[in-house]
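Peer 1: The following block contains the structure, expressed as structure tokens.
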Amino acid sequence: MTQTTRAPIETAEGAHTREWLRRFQRVRNASEALCAPLETEDYMVQSMSDVSPPKWHLAHVSWFFEAFILSPYLDDYQTPDPAYDFLFNSYYETHGKPFPRHLRGTISRPTVAQVYQFRAHIDQEMERLLSAPPAEHLDEIIDRLEIGLHHEQQHQELLVMDIKHILSCNPLHPIYRQDIRERLLADADQAPADQTFNDKAPRWHRYAAGVRQIGIDYPTEPAREHDGQGFVFDSETPRHRQYVAEFELADRPVTNAEFIRFIEDNGYSRTELWLSDGWSTIHRTGWQAPEYWEKVDGRWHTMSMGGLVPLDPDAPVCHLSFYEADAYARWAGARLPTEAEWETAADDQPIRGNFVENDLLQPAAQNERAGDGPQQLYGDVWEWTGSAFLPYPGFTPLEGSLGEYNGKFMSGQMVLRGGCCATPGDHIRASYRNFFPPQARWAFSGIRLARDV
Ligand SMILES: [Fe+2]
């Protein structure tokens, strides 16, 4: 493609492009900061097929900018290696053949150093493009840049999840960061030694029946005129009406201590609590507790980014499949909220919580109430809903290869809401729909109860 006109840097549009460049640099730096504590050997491990090696994440998010921005819009762009377009394509079949996901851990070359060089190359070329963007494609470039940045933020959360799983497979319980360990041990010291809960039953918030507006429309203003907060994925659109019957929502997530009671009440052995798929899954896998839980000297511990630490009884329970969340809810005489109920409750709540910026990378007990609404809706744990990930009425995927981003996964997945302790705080909103298969446990997934009135 030929570049004919260029947006002069001194115009308002040029200033705006510079702001996007700064945002690009912030997001790119955050990915590398998450990997800074890793040893070279950690970068290559694929501990299960759902996990990608950290090296692959770092390369793939860079490939995204190459494939969707630099190759189409920077006319003299040169890739460091044409094979990267195959190796680091995740699942964009209309773009080209992707490398098989389950084999990502077999690729020792390019090396970690070469992947960092690839990142530096992409950064440099994006800076070159954004410092003199072709004016006739500026809107498309900024739209794709914005998706690329949210994509990289999604992978930052995946990096934390995957690094945790990789380290958890090692019986030495490696410590990702010592300072996280010290913070978690200090919290555990304050908890009762017998891991009993302080026995505050959840409070319930009641919501009236009514026709609710669910989802969101694309921002009416072009993204380049926004501060970046107007971004939405296609799967959150369009805004539409849904009837929501009267319901109640618990004012906090289910805690570790509450889940221990479920275990001690033989929750994993009582067939009446389980969906058929869940029952067969726990028999096939032998699950008797959430992922990462281990009993040491009679006390429950959990793997964290600070190694193996005693479980904090008041912290939200985490690393559960949808099946376990559903069985727990039934045991507790409640149910999981639908995503429309969750969004109804979250709509007027401020977006604050234990996000990646808190730098604990672990769900935490909240000791002080913040505001009158349900607590910890955002951050800590993604909350399983009882809703399948399906298109909203009138859903239209993005055009071209980016239409593969969400739409083709609308089968066999359940929706989770609210973000977690590994989510960037400026990456979450009330309408955000995360999704995982019902058996997935390595995400920071937890439970909030709902019930009919
Ligand atoms: Fe991706």
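Every number here is computed from the coordinates shown, using simple stated rules; none is lab data. All values derive from a computational prediction rather than experimental measurement. Because the Cβ atoms are built from the backbone with ideal geometry, glycine has one as well, and the counts that use them run over all protein chains shown.
Peer 1: Mind pulling the angle between the C-alpha long axis of helix 112-131 and the longest principal axis of the chain? Nearest 10 degrees, somewhere in 0 to 90.
Peer 2: 60
Peer 1: Short version: ³J(HN,Hα) in whole Hz for each residue of the stretch 333-348, in order, from phi by Karplus 6.51 cos²θ - 1.76 cosθ + 1.60 (θ = phi - 60°), x for Gly and Pro, what are they?
Peer 2: x, 9, 8, 7, x, 6, 5, 5, 5, 4, 5, 4, 6, 8, 3, 9
Peer 1: May I pose another question? What list of ³J(HN,Hα) couplings, whole Hz, do you get for the stretch 241-254 from phi and the Karplus terms 6.51, -1.76, 1.60, once you set θ to phi - 60° and write x for glycine and proline?
Peer 2: After applying 6.51 cos²θ - 1.76 cosθ + 1.60, I find 8, 9, 7, 10, 6, 4, 8, 10, 10, 5, 7, 7, x, 5 Hz.
Peer 1: Once you keep just the Cα pairs under 8 angstrom separated by 6 or more residues, what percentage relative contact order results for the stretch 12-168?
Peer 2: 38
Peer 1: Which of the aspartates and glutamates could a cross-linker span from Lys55 if the Cα-Cα distance has to be under 18 Å and same-chain partners fewer than 8 positions apart are dropped?
Peer 2: Of all the aspartates and glutamates, those that pass the test against Lys55 - Cα under 18 Å, at least 8 places apart if same chain - are Glu32, Glu39, Glu41, Asp42, Glu66, Asp81, Asp85, Asp123, Glu152, Glu157, Asp162.
Peer 1: If neighbour count is taken as other Cβ atoms inside 10 Å, put Glu236, Glu264 in order from fewest to most.
Peer 2: Glu264, Glu236
Peer 1: Let me ask something else about it. For Phe247, list long-range residues whose amide hydrogen, built 1.01 Å from N in the peptide plane, is under 5 Å from its own amide hydrogen.
Peer 2: Residues meeting the criterion, in which the H sits 1.01 Å from N, are Tyr207.
Peer 1: Relative to the first principal axis of the alpha-carbon coordinates of the chain, what is the inclination of helix 276-285, with its axis defined by its Cα atoms, in degrees from 0 to 90 and to the nearest 10?
Peer 2: With rounding to tens, the tilt is 90 degrees.
Peer 1: Still on this structure: Which of the three applies to the stretch 268-369, rounded, prolate or oblate, going by the alpha-carbon gyration tensor with a ≥ b ≥ c and a/c under 1.5 meaning rounded?
Peer 2: oblate
Peer 1: Please determine, in degrees from 0 to 90 and to the nearest 10, the orientation of helix 322-331 with respect to the longest principal axis defined by the Cα atoms of the chain, where the helix direction is its Cα long axis.
Peer 2: Its long axis makes an angle of about 30 degrees.
Peer 1: Where does the chain land at 222 nm, in deg cm²/dmol rounded to the nearest 500, when only DSSP H runs of n ≥ 4 count, each adding -39500 (n - 2.57), divided by all residues?
Peer 2: Mean residue ellipticity at 222 nm (helix-derived): -10000 deg cm²/dmol.
Peer 1: Provide the per-residue ³J(HN,Hα) series for the stretch 360-368, in order, calculated from phi with Karplus coefficients 6.51, -1.76, 1.60 and θ = phi - 60°, each as a whole number of Hz, with x at glycine and proline positions.
Peer 2: These are the phi-based 3J(HN,Hα) values: 9, 6, 7, x, 9, 5, 10, 8, 10 Hz.
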